[in-house]
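Colleague: First the structure, which I've put down as structure tokens, then a few questions once you've had a look.
All of the numbers you see were taken from the coordinates with simple rules; none came from a lab. Predicted model, so just to flag it, every value in this text is computed and none were measured. Every residue, glycine as well, gets a Cβ built from its backbone with ideal geometry; the counts of neighbours run over all protein chains shown.
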């Protein structure tokens, strides 16, 4: 076997095995999906609560201002996941947001749900831009983000 054939085989093998892992959901992408879904849930619930005369818009808007960079970073990471990593492109990116919008839009709107989201929005409005506070509420309200596809294998770190 010539050296060129060996190199070509190694390149083909590397390309074939790297591709599936490239578009899997790693921990950072899952975290970005959780933040994006949490924001969508907050937005949709804010609009729904307004329909039953529970106004949480000002707290929600303050949350958006406080966490603008973190929300944008999560959205940018999702765009890269769907576009650059061969996970369906812009169409899949929009389908992700449509799916979560529909999920929360179909939820029953009542005063208890509005009270919960109002309390969360108020706390996030007060907290400045504390990532730990945002992560706490996002994890509580979105324990498993609505993602499709494989999660990346996680390699355990040494203690």
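Colleague: Across the stretch 100-138, what is the total count of residues that are under 14 Å from residue 35 (Cβ atoms) and out of contact with any helix residue (DSSP H, G or I) (no Cβ under 9 Å at 6 or more places or on another chain)?
Modeller: Qualifying residue count for the region: 2.
Colleague: Now a separate question. Just one of the numbered conditions (1) in a helix (DSSP H, G or I); (2) within 21 Å of the chain's Cα centre (by Cα); (3) surrounded by 16 or more Cβ atoms within 10 Å (Cβ to Cβ) is not true of residue 145; which one?
Modeller: Here residue 145 meets the rest and fails (1).
Colleague: Search the stretch 70-103 for residues being over 21 Å from residue 43 (Cβ atoms) and more than 13 Å from the chain's Cα centre (by Cα), and hand back the single one that is surrounded by the fewest Cβ atoms within 10 Å (Cβ to Cβ).
Modeller: Among them, the one singled out is 91.
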